[in-house]
Amino acid sequence: MSSARRKVQAAAAIVALAAVAWLIAGRGLINYDTLYSLVWGRELSEGHSLYLGAPFTPTLHPFGTLLGILLSPFSKTVVAGVHGVAATDIVAVLAFLALGVMLWLTYALGSLWFGPWAGALATLIMITRRPLLDFGARAYVDIPYVALVLAAVLIESRRRRAAAPVLALLAVAGLIRPEAWAFSAAYIIYLWFSGEHKPKQVAGWLALAAIGPLIWLLGDLLLAGDALHSISGTQQNTRALGRVTGIGGLFTTAPRRLGEILREPVLFGAVGGLGFTIWLLRERVRAPIVIGLVALGAFSVLAIAGLPINGRYLLLPAVIGAIFCGAGVFGWRELGSADKHRRPWAIFGLLTIVLLLVFTPAQIGRISNLRYALSRQEQIQNDLQALIRQPPGLITPSCRPITVPNHRPVPVLALWLDLSPKAIVSADEQLVPFGQFIAAATPKVASDYILDPRDLNRRVIGPPPALKLAGGNRSWLVYKRCANAAG
């Protein structure tokens, strides 16, 4: 098959996988961090300095900020008085395409290492995991990060010591997650000890590996005035939100988070697949084991440094686990027809398939819950947007400040109203007796949209008595006391 035809087939498969993921999830809904990236990108494109003093501002990822700058023309586009709708639509499409790329790479690597059946099962496992669909539908940047690392691994697996293209992909990944820096370091060590090299080559490798950390540090210095703003800010948010971190969390929470992604039958198949492949396909198992160990090692270092133990940070080890489960079920097909080990391995594979089928109804239930959660949150968010649209335009940028119950609605309102996040106040931090106060119409709206189940502070603060009810809808109520008649 020609190279051009393979590329066309890969592109078609990626689009198809993205479409299937969208059909399973039902919709996309841009997350808090990515919304902030769009707001920051718009502000930078307009020559404004960033306001980073709002409570719980997310990590200033260079990749996300650059994406926000590139999409700034769409963030400024106005439809019926609302800014940025086109930008969020584009991000949603890109998010599902990134998910499609990640899924295709899961198949490609699984197929390359342990056969096409193993790759197909690994892909089927990942596309039916609720956490992955959730992170993809909400456009978290962790999905492109995993895709970039897997692409680098695929290039190296197909062409040993590829060097520059692998390090280039890892450099881009390093603008999303700092764990990519560990992969670059490990890969350079591998290149150093695996063959001859010239000083000029080594200098080029080091230069590529340095791109990620240098851009991150320089960006933090220029935009926040502190080269270590990202790590210190994330540590501060982790403490304020009471997120699990540290050595203790590595042994208690991290295994549970990984289990929440893969679930029991996949973990069972992965452990068996790991054992069988180490025993019988040892020459193929080194790469996935090394990748898994580096990913877990880098994750552990960040957790010890005080960063949160989030499930989305374990997506790369989860992909490796899914591939090993595929090997546990179908790896026996890679043995010779006369090999006496085929039968016991095939029996284990059959047992794993039975477990996967038994647990299928529970997995369907989890996906149904995800579809409901996304649908419900989209409805609440659409109701919030309806109060901005012209007419009626009940929420207006001229009547300031705009106060919201907590920090969660801040970036989406800043985007829609073309305001700095500084103009939107969280009632958790300050209760202002004038301007506009946007309140949840019911406790159910607060629990479904404003509050996070993991939040330590679950208070929902109401409007100050000086503000009077101006109107609302089924999800939101708007209270006002404007200093100017136009508000």
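Below is a table of values for the structure above.
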read-out	value
Residue identified as touching a strand residue (DSSP E or B) at 6+ places or on another chain (Cβ under 6 Å), of a type in the set (A, V, I, L, M, F, W, C) and either surrounded by fewer than 20 Cβ atoms within 10 Å (Cβ to Cβ) or free of Cβ contacts under 8 Å to residues at least 60 places away in the same chain (or both) among VAL15, VAL85, VAL93, VAL8	VAL85
Residues of the stretch 425-452 satisfying the condition of being in contact (Cβ under 8 Å) with a residue 60 or more places away in the chain and in contact with a helix residue (DSSP H, G or I) (Cβ under 7 Å, 6 or more places away or on another chain)	SER426, VAL445, ASP448, TYR449
Flag for SER398 being over 32 Å from the mean Cα position of the chain (by Cα), under 21 Å from GLU43 (Cβ atoms) and surrounded by fewer than 19 Cβ atoms within 10 Å (Cβ to Cβ)	yes
The stretch 305-344: number of residues that are in contact with a Gly (Cβ under 9 Å, 6 or more places away or on another chain) and among the basic types (Lys, Arg)	2
Residue pairs meeting the criteria (Cβ under 8 Å; at least 6 apart or on separate chains; first under 24 Å from GLU378 (Cα atoms), in the stretch 461-477; second among the basic types (Lys, Arg))	ALA470/LYS480
Some residue of the stretch 419-441 being modelled with pLDDT of 90 or more, touching an Asp or Glu at 6+ places or on another chain (Cβ under 7 Å) and in a loop (DSSP other than H, G, I, E, B)	yes
ALA338 being at pLDDT below 95 and assigned to a helix (DSSP H, G or I)	no
Residues of the stretch 344-384 satisfying the condition of being of a type in the set (Ser, Thr, Tyr) and more than 24 Å from the chain's Cα centre (by Cα)	THR352, THR360
Subset of the stretch 7-61 (residues that are of a type in the set (Val, Ile, Thr) and in contact with a helix residue (DSSP H, G or I) (Cβ under 7 Å, 6 or more places away or on another chain))	ILE14, VAL15, VAL20, ILE24, ILE30, THR34, VAL39, THR57, THR59
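The values are calculated or read from the model by the stated rules, or taken from the named source; none is laboratory data. Predicted model, so just to flag it, every value in this text is computed and none were measured. Quick reminder, even Gly has a Cβ in these numbers, built from the backbone with ideal geometry, and neighbours come from all protein chains shown.
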